[in-house]
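The values are calculated or read from the model by the stated rules, or taken from the named source; none is laboratory data. Everything numeric in this text was worked out from a predicted model, so none of it was measured. Heads up, the Cβs are rebuilt from the backbone with ideal geometry, glycines too, and the neighbour counts pull from every protein chain shown. These area figures cover heavy atoms from the full protein model, side chains too; ligands, DNA and RNA do not enter into them. Shrake-Rupley method; radii C 1.70, N 1.55, O 1.52, S 1.80 Å.
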Amino acid sequence: MAVATLVALTASACGDDDGKGAASAEASGSSVKVFMVDDDGNLVGVEKEVDGAEQMRPQGRALAAVKLLVSTTTAKGDSPLSHWGGRCAAGAKVEGLEEEGRVISVRVNGPAGVMCSRSGAELTQQRQQLAWTVIENMGADPSTPVRLYGPNRAVMWEDVVASEKVLAD
């Protein structure tokens, strides 16, 4: 009996079979995932530490992740790259994130409430960064549309759906 207890305690202290142990479980629980663009133009999820994330509801985790996304500024040539933050920010402040029926709405506001004009791949990447950051942290189905509202409650993007085609392998 004592040997079985000792074996069980040793196994639990050493972590699980994948070698990651309890430290990584705590790290993933205290972080949110923000989607960035890699060198190949695909989206990759980047874990960002957020105090108390492990205690947040999915909506709170998604709100914290979107706040990080909108405030992330990278320069061209940085990897991974963000199409948010800096002078191209959708808003200086993320006001809220909520489920409205089958749509998740994100509301931004502030003096930087104008996005840089993007087209083609950059526009797709920017829209998908938002959609995947919201969906992943909400634990929602990828087919759930994400709607972005800007200053004065104007719709900036209507129903962006996360596409698996843009994700890195």
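Take region 154-169 and flag every residue that is assigned to a helix (DSSP H, G or I) and open to solvent by less than 60 Å² (accessible area, probe 1.4 Å). Selection gives Val166 alone.
On the stretch given as region 31-52, residues that are open to solvent by 50 Å² or more (accessible area, probe 1.4 Å), within 16 Å of Leu69 (Cβ to Cβ) and among the acidic types (Asp, Glu) total 2. The set of residues from region 45-62 being part of a helix (DSSP H, G or I) and under 9 Å from the mean Cα position of the chain (by Cα) comprises Arg61, Ala62. Restricting attention to region 115-126, the residues being assigned to a loop (DSSP other than H, G, I, E, B) and either modelled with pLDDT of 90 or more or within 21 Å of the chain's Cα centre (by Cα) (or both) number 3. Can you find a residue that is assigned to a helix (DSSP H, G or I), at pLDDT 60 or above and open to solvent by less than 40 Å² (accessible area, probe 1.4 Å) anywhere in region 14-30? Yes; the residues of region 14-30 include at least one that is assigned to a helix (DSSP H, G or I), at pLDDT 60 or above and open to solvent by less than 40 Å² (accessible area, probe 1.4 Å).
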